[in-house]
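The values are calculated or read from the model by the stated rules, or taken from the named source; none is laboratory data. All values derive from a computational prediction rather than experimental measurement. Cβ sites come from the backbone with ideal geometry, for glycine too, and all protein chains shown count toward neighbours. The accessibility values were calculated without ligands, DNA or RNA, using every heavy atom of the protein model including side chains. Shrake-Rupley method; radii C 1.70, N 1.55, O 1.52, S 1.80 Å.
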Amino acid sequence: MQNIVSNFKISGKLKSIEPYKNGLVNKTFLVITSTNKYLLQRINKYVFKDPNQVMKNINFVTNHLKSLNRRTLNIIKTKANQIIYFDNLTKEYYRLYDFLDDLYSISLTNNPEIYLEVGKVIGNFQSDFSEVSPETLVETIPKFHYTINRINYLKEIIKQSKVNMRRFEKCKSICEILINEESATCKIQNHLDSFLLPIRIVHNDTKLNNIMFDKASNKGICLIDLDTVMPGTIIFDFSDAVRSSCATLNEDDPTLYDLDIDDQKFVCLLIGYLSKSKSFITDIELELLIEGIKTIIYECAVRFITDYLENDIYFKTNYQNHNLTRAINQLKLYFICKKKEVYYKKLVQTVYFRLI
Ligand SMILES: Nc1ncnc2c1ncn2[C@@H]1O[C@H](COP(=O)(O)OP(=O)(O)O)[C@@H](O)[C@H]1O
Ligand SMILES: [Mg+2]
């Protein structure tokens with residue numbers, strides 16, 4: 001690791017490199033020198049087929065945000081003046097950022113003000129890019145939220161028996177339920193396919209722990225984990241935030257009895273989001289916000305069960321049935337969301353018309 005870090009333009013004398021937090025996708029390390037702190041990340045090659053392009057996107061995004069005087073990730077270049085380092089020995093890609101020491105991230109909290117901040121951070125991010133042409137960025141994971149492809153892929157690997165059969169026996173009924181609910185995933189995709197929804201620059205991974213808050217004021221400051229910033233629909237940024245932060249339990253919590261979507265958290269997030277997005281959100285985007293929550297929860301359930309059947313090649317797991325637990329959790333959340341759909345749609349209208 002020392003060798004890797006020595007290729008970047010760091011200040012001070014290297015003191016330590018320790019694994020940092022347990023993200024689902026990349027491998028992260030905290031680097032401490034005599035004068036600074038940095039965050040080193042090994043980019044997941046399986047998920048990101050073109051790490052160079054991922055970094056080019058991030059470079060554009062962070063430069064754009066800096067030009068608007070926004071706080072964002074700061075890329076530390078290599079000694080060869082590159083934004084990414086390829087280690088020939090291990091064939092791995094690395095990047096280095098300044099460590100945002102005055103900010104923090106969380107994975108679950110009951111403080112309603114935090115949810116207002118979550119909504120604002122997402123709305124602000126989208127607003128900062130609302131005038132930027134989406135073609136500026138490359139789609140590094142093609143059809144990332146193309147939910148129909150996700151379910152079709154699951155059906156295909158089951159049909160071709162390209163699954164872990166022992167695991168399939170355990171989750172047959174879950175797969176059946178997901179396949180039966182397939183129609184729930186089509187509406188947004190149909191709108192995208194018929195060009196009825198605007199394509200914009202969006203974050204695509206607005207989980208609560210990708211939002212940084214100020215340690216002193218608890219205000220939401222910025223979105224990090226910019227790997228998936230790509231052209232897409234703003235609906236999924238809002239809905240993935242609701243999915244990941246308004247649920248009463250973490251997405252891998254097996255104690256499903258208490259699982260629900262917390263209405264108070266949801267309303268706070270919605271108010272925060274619409275207060276910042278009301279100037280650019282279109283009628284059709286507004287109308288489909290809740291459809292988005294249902295779709296994204298469904299998509300997650302499909303992705304978790306697919307990964308379970310493919311022996312956990314995408315999401316990091318801590319135990320044998322981790323992805324199965326995640327899939328069951330999301331499936332239950334999906335049915336909870338379905339039940340609340342009409343109520344939530346009314347809330348969107350009420351909040352929106354009070355804000356404008
Ligand atoms: N520049 C940074 N400064 C401080 N903490 C960071 C920084 N970047 C990431 N983190 C922390 O590390 C965690 C994992 O990083 P992230 O980029 O989200 O990786 P993953 O793709 O694995 O989720 C984040 O939730 C955040 O708490
Ligand atoms: Mg993350």
Practice problem: Go through segment 306-311 residue by residue and turn each phi into a ³J(HN,Hα) via Karplus (6.51, -1.76, 1.60, θ = phi - 60°); whole Hz please, and just put x for glycine and proline. | Solution: 4, 5, 4, 6, 9, 6
Exercise. Work out the length of the dipole vector of segment 179-247 about its Cα centre, built from +1 on the beta-carbon of each Lys and Arg and -1 on the beta-carbon of each Asp and Glu, and round it to the nearest 20 debye.
Key: 280 debye
Self-check item: Heavy-atom accessible area order for ASP253, ASP240, largest first, 1.4 Å probe
Solution: ASP253, ASP240
Exercise. Take the Cα radius of gyration of segment 209-356 and divide it by 2.2 N^0.38 Å, with N its residue count; two decimals is plenty.
Key: 1.10
Practice problem: Rank SER67, CYS246, LEU30 by how far each Cα sits towards the positive end of the charge dipole of the chain (+1 on Lys, Arg Cβ; -1 on Asp, Glu Cβ) and give me just the farthest. | Solution: LEU30
Exercise. Enter the accessible area of ILE271 (Å², nearest 10), with the probe set to 1.4 Å and all protein chains included.
Key: 60 Å²
Quiz prompt | Amide hydrogen neighbours beyond the local backbone of ILE43, cut-off 5 Å, H modeled | solution = TYR93, TYR94, ARG95
Practice problem: Quick one: what are the phi-derived ³J(HN,Hα) couplings along segment 94-100, Karplus 6.51/-1.76/1.60 with θ = phi - 60°, whole Hz, x for glycine and proline? | Solution: 10, 9, 10, 10, 5, 7, 8
Self-check item: Cβ charges +1 (Lys, Arg) and -1 (Asp, Glu), total dipole of the chain, debye
Solution: 740 debye
Practice problem: Quickly estimate the mean residue ellipticity at 222 nm for the chain, helices only: each DSSP H run with n ≥ 4 gives -39500 (n - 2.57), and the total goes over all residues, rounded to 500. | Solution: -15000 deg cm²/dmol
Self-check item: Heavy-atom accessible area per residue - segment 186-259, 1.4 Å, Å²
Solution: 36 Å²
Practice problem: State the answer as a single residue: which of LEU89, LEU100, ASN52 lies farthest towards the positive end of the charge dipole of segment 12-159, with beta carbon charges of +1 for Lys and Arg and -1 for Asp and Glu, about the Cα centre. | Solution: LEU89
Quiz item: Whose amide H sits under 5 Å from the amide H of LYS37, counting only residues 5 or more places off or on another chain, with H placed in the peptide plane?
Solution: PHE99
Quiz item: Would you list SER279, SER244 from the most to the least accessible area, probe 1.4 Å?
Solution: SER279, SER244
Exercise. Quick one: what are the phi-derived ³J(HN,Hα) couplings along segment 269-278, Karplus 6.51/-1.76/1.60 with θ = phi - 60°, whole Hz, x for glycine and proline?
Key: 4, 4, 4, x, 5, 5, 4, 9, 10, 4
Practice problem: Counting other Cβ atoms within 10 Å, keep those with at most 11, restrict to DSSP loop, and tell me which trypsin sites (Lys or Arg not before Pro) in segment 239-306 are left. | Solution: none
Self-check item: Relative contact order (percent, whole number), the chain, Cα cutoff 8 Å, 6+ residue spacing
Solution: 19 percent
Quiz item: Which chymotrypsin sites (Phe, Trp or Tyr not before Pro) does segment 258-336 hold that lie in a coil by DSSP with at most 14 other beta carbons within 10 Å?
Solution: TYR319
Quiz item: In nm, to one decimal, how far is the ASN321 label point from the ASP98 one, both placed 7 Å along Cα→Cβ?
Solution: 4.7 nm
Quiz item: So how exposed is HIS191, as accessible area in Å² (1.4 Å probe, rounded to 10)?
Solution: 30 Å²
Practice problem: Mind putting a number on the dipole of segment 230-314 about its Cα centre? Charges go on the C-beta only, +1 for Lys and Arg and -1 for Asp and Glu, and I need it in Debye to the nearest 20. | Solution: 380 debye
Self-check item: Net charge of Cβ neighbours under 13 Å - reference LYS91; Lys, Arg +1; Asp, Glu -1
Solution: 0
Quiz item: Do any chymotrypsin sites (Phe, Trp or Tyr not before Pro) in segment 181-240 lie in a loop, going by DSSP, with at most 13 other beta-carbon atoms within 10 Å of their beta carbon, and if so which?
Solution: PHE195
Practice problem: First compute the accessible area of segment 181-293 with a 1.4 Å probe, then give the percent of it belonging to carbon and sulfur atoms. | Solution: 51 percent
